[in-house]
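Remarks on the structure that follows.
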Amino acid sequence: MTSNPLLDATGVAKNYGAVAALRNASLSVLPGEVHALMGANGAGKSTLVKILTGAIPANAGRILIRGEARDIRSPAAGRRAGLLPVYQEPSLIPDLDVLSNLRLTGTPVEPFRAWVRELGIPDLDIRDTARDIPLAVLRVLDLARALAVEPDVLLLDEMTAALPANLAEKVLEVVRRQGDSGRAVIFISHRFVEISALCDRATVLRDGETVGVVDIVPGVEEKIVELMLGTRIVKTHVAARSAAQKAAPAPARPRLAVRNLRVGTKLNDVSFDLADGEVAGVVALEGQGQDELFAALAGSIRPSGGAIEVDGQPAKFSHPIDAIRAGLAYVPGDRAEALAMQRSVRENIALPFSAALRNWGPIAMRQERAKVVSAIARLQIDTRAQGEVQRLSGGNQQKVTIARWIAADTRTLLCFDPTRGIDVGTKQEIYKLLREVAGHGKSVLFYTSELEEVQRVCDRVIVIFGGRVVDIFAVEEADEPALMRAAYGLPRGAKADIGILADPHSSSAESASSSDSNTPGATP
Amino acid sequence: MSTTAISPQPVPFGRRVKRFMADRPLIPLIILLVILVVILQVLRPGIVNERWIANTIKFAIPLAILAGCQTMTMLTGGIDLSIGTVATMSAFIMATQIVNQDPAVAFALAMMPAVLIGLVNGIGVGVFRVHPLIMTLGTSLIGTGCLQVYQRTVIASGARIPDFLAWLGTGLTYGIPNALLLFVPLAALIVFTLSRTGFGRLLYAVGDNERATRLSGVQYWQVITALYVISSVLAGITGLLYIGLIKAPSLSLAEPLVLPSVAAAVIGGTSIFGGRGGYTGTIIGALILTVLTTLLTILQMPEGARRILFGLIVLFVTAAYLRIVEER
């Protein structure tokens, strides 16, 4: 702790229009340490990494490298300053062979080869075209390419995410040794097991601010969860739902039954039920397989195993139309994915009506108008600029994506983060609408990246980590700390006892032993 | 953006005109058409009479129908370059088969390649995702080749233009071109299809955001296959009309109309990137191009200079029109 930091960033801020992605982030990395960067979804981790490596400029803040102020304006400048990132997506150009890719960045070949062998790939032919190399190996090559230029600070973003166990082990070993040789590594991961095995300290971000720097000692998970959640640590009680909001009595047969569903390597063995009249929440960190789950249920991709049953009947979806016929409609979080932006509100809402071949004929305009108008009224869409959807505000656009399926009277809505990036008022309206929909005996599967939404909307919460369902909570138990712990794959044992979170010292021994004993999904 | 619509303060005249035109994109096109006709009248006093108007309409109609094919395919972000070949094929087959066959059989034979090429285009673009430009260019070349082979087999029997097609293509009733009997219902059908049917809605939606239509349950290949078949059939019908007008079957009869048909659709305000446009604008675009051709013909310039001028005017008109209509 006595030596000067290799990298010292303070007061870093970044705004996108009116939205502050980073407000006051700081990060200080000492020579020879492996430093974890942590934070919930949207806390600003990736923005900070992009600023440090020169991919985007900051609006404010000071970055010192070895004590000197540096203004890193481009990834090339970042390289020269000794900062090198390895991102989640492979960065080799697919149509070039490995050697040409190395030349492109001026990477020395022999050290690269040595590192590749070191990382557990003995038989790489550097004349192979990058496109033909499996994803896991590509990620290792990215790492080797970064290591070969001996950077002072290496930034690893979810490095082990796509790796099989043997490669992941080698990678972690190499990262560990990197620290021993006086250089530093910034390690971004959602896996507590890796972080506790590898890292010396962790910087925790929340809402664009650095809220704490902690030493990694046994039991520190609780402290980190607490930091990520901030002051909202007190157990929140579910507001009693009025009779109208209460879920309709569940019938014996589930509306939707998912059994052992698998999608590639991203989703393993997921099973749950969804009943009529229920809003079931799905909570997961980014990239834990929730995208694949929703895509499979929506008919966008085919699962590689398992079964989906609708009303007790097995269902095979090969196109979204199959899912829609079964009464499952997908509302994506990204509005640009769901809307024809140059068309009117009316046409966008009526789009599913014309989808089937038999509805290609003349449109019954009056009927359509009635349905559209009632859906617009129900969602209170501001129709002043209804000529083109792209002129609506984000919240109103999001309402249009939902209104479409309200107008179509769909039985089950699959809402994927429908409140992302919209104002508070509209969020409230969407919560209310989803409760109403459930009150009418329909069902909703609701993925959200904002944990506080769970208590407002859901009856039950399904938590996914590493492609598996790690826990299912009744809403009464699903307070934010419990959800956050589960989302990070920590065991449920201590979830009822909020005292642990309030006072980490008394619980360190217990939670250390529990996190050492196998955390679900932690082994890749 | 949405706030500009409700701001109460007075807007400058220029902006008001601009907004007026942006809301009614047909107005500037009609103004341009009138200006061109006036220029023509000034250059050659007396040329604009009943006969000239009927003649202009007769020549504009085949272009307008082919431009309708382009409008519909361009709405989905595509293009159909095979329409020239399809029109030529149907015209040529009609003219040669009518010599020995019953008119109904000749008609069926003439439309066969149209349906076939449309189907191949649709499956290529919709199922195998070949780029429409390449797909339709390819089928167009294949069609031309087939036509050349076919020509050898009928070289002995000769060709004849059926009376009915000559009547439809060139005839006048009370000074009104008979071709309008075909064109008016056809144009009405296209306009109705685009604005009031499920299929028309899907063309716009698919061109605007294909992913969104997929999530709404639209099966892309169905829409695209139907679209290219319809486009091809329209082109086949145009070929029959055109042979009645030109009265000289050749192996490149309608080829020179292909690129003007794209230009007519673009001038008429249809975006080549999809999702935006309509058929009424295209019709006026076809009229503008036809009047422009007459205008350049009477200027008695050398052919090269005329083409240069034609190209420049098309570019200028399109750019100016987009500036007027787009509010960005």
At most 16 other Cβ atoms within 10 Å plus a DSSP loop assignment makes a site exposed; report the longest stretch of chain B without any exposed GluC sites (Glu not before Pro). B:1-325
What ³J(HN,Hα) values, in whole Hz, does the Karplus curve 6.51 cos²θ - 1.76 cosθ + 1.60 give for the stretch A:374-379 when θ = phi - 60°, with x put for Gly and Pro? 5, 5, 4, 5, 5, 9
Within chain B, longest stretch free of exposed chymotrypsin sites (Phe, Trp or Tyr not before Pro) [DSSP loop, at most 14 other beta carbons within 10 Å]: B:1-127
Trypsin sites (Lys or Arg not before Pro) restricted to DSSP loop in the stretch A:257-335 with at most 14 other C-beta within 10 Å: A:Lys316
Note down the net charge around A:Arg262, summing +1 for each Lys or Arg and -1 for each Asp or Glu among other residues with Cβ under 12 Å from its Cβ. +2
How high is the relative contact order of chain A, in percent, counting Cα pairs under 8 Å that sit 6 or more residues apart? 15
Starting from the amide H of A:Gly306, placed 1.01 Å from N in the peptide plane, find each other amide H under 5 Å away whose residue is 5 or more places distant or on another chain. A:Arg262
Exposure proxy check on B:Val130, A:Val457: fewest-to-most Cβ neighbours within 10 Å is B:Val130, A:Val457
Quick one: Karplus J couplings for the stretch A:205-217, per residue in order, coefficients 6.51, -1.76, 1.60, θ = phi - 60°, nearest Hz, x for Gly and Pro? 9, 9, 6, x, 10, 7, 9, x, 10, 10, 7, 7, 10
Please report, in debye to the nearest 20, how large the charge dipole of the stretch A:344-383 is about its Cα centre when each Lys and Arg carries +1 at its beta carbon and each Asp and Glu carries -1 there. 160
Burial-style ranking of B:131-140, B:151-160, average other-beta-carbon count within 10 Å with highest first, yields B:131-140, B:151-160
Amide H proximity to A:Tyr330 below 5 Å, modelled H, separation 5+ or other chain, gives A:Leu414
Given an 8 Å cut-off on Cα distances and at least 6 residues of separation, report the relative contact order of the stretch A:242-377 as a percent. 19
Charge dipole of the stretch A:12-141 about the Cα centre (unit charges at C-beta), most positive-ward option of A:Asn59, A:Ser91, A:Pro111: A:Asn59
Setting aside same-chain residues fewer than 8 positions from A:Lys442, which lysines have a Cα under 22 Å from its Cα? A:Lys246, A:Lys316, A:Lys371, A:Lys399, A:Lys427, A:Lys432
Any helix of chain B counts here only if DSSP assigns it H throughout, its Cα atoms span 27 Å or more along the axis, and its mean Kyte-Doolittle hydropathy is at least 1.6, and such helices are B:103-126, B:220-246, B:279-298
The stretch A:369-419: trypsin sites (Lys or Arg not before Pro) in DSSP coil with no more than 14 other Cβ atoms inside 10 Å: A:Arg384
Rounded to the nearest 20 debye, what is the charge dipole size of the protein assembly as shown about its Cα centre when +1 sits on each Lys and Arg Cβ and -1 on each Asp and Glu Cβ? 3140
Percent antiparallel among DSSP beta bridges with both residues in the stretch A:7-216, to the nearest 5? 50
Cβ-based exposure ranking for B:Met72, B:Met301, in which fewest neighbours within 10 Å come first: B:Met301, B:Met72
Go ahead and estimate [θ] at 222 nm for the protein assembly as shown from helices alone: -39,500 (n - 2.57) per DSSP H run with n ≥ 4, summed, over the residue count, rounded to 500. -15500 deg cm²/dmol
How big is the Rg/Rh ratio for the stretch A:347-409, C-alpha atoms only, Rh by Kirkwood, two decimals? 0.97
If you take all C-alpha pairs in the stretch B:193-328, what percent of them are over 26 Å apart? 38
Find which of A:Thr265, B:Ile79, A:Ile126 sits farthest along the positive direction of the dipole of the protein assembly as shown, computed with +1 on the beta-carbon of Lys and Arg, -1 on that of Asp and Glu, about the Cα centre. B:Ile79
If you build the convex hull over the alpha carbons only and average its shadow over all orientations, what do you get for chain A? Give it in nm² to one decimal. 26.2
Mind listing the phi-derived Karplus ³J(HN,Hα) values for the stretch A:177-182, rounded to whole Hz, using 6.51, -1.76 and 1.60 with θ = phi - 60°, and x for any glycine or proline? 5, 3, x, 5, 8, x
Placed amide H near A:Leu6: partners under 5 Å, 5+ positions off or other chain: A:Val29, A:Leu30
Exercise: per-residue mean of other protein chain Cβ atoms within 10 Å, B:195-203: 6
Of all trypsin sites (Lys or Arg not before Pro) in the stretch B:201-248, which ones are in loop regions per DSSP and have a Cβ with at most 15 other Cβ atoms within 10 Å? B:Lys247
Counting Lys +1, Arg +1, Asp -1, Glu -1, what net charge surrounds B:Ser90 among other residues with beta carbon under 15 Å of its beta carbon? -2
Relative contact order (%) - criterion: Cα under 8 Å, at least six apart; region: chain B: 33
Shape call for chain B from the C-alpha gyration tensor, a ≥ b ≥ c root eigenvalues: rounded (a/c under 1.5), prolate (a/b greater than b/c) or oblate? oblate
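Throughout, read-outs are computed from the coordinates displayed, never taken from laboratory work. Everything numeric here is computed off the predicted structure, so don't read it as measured data. Positions of Cβ are generated from backbone atoms using ideal geometry, with glycine treated the same way; all protein chains shown enter the neighbour counts.
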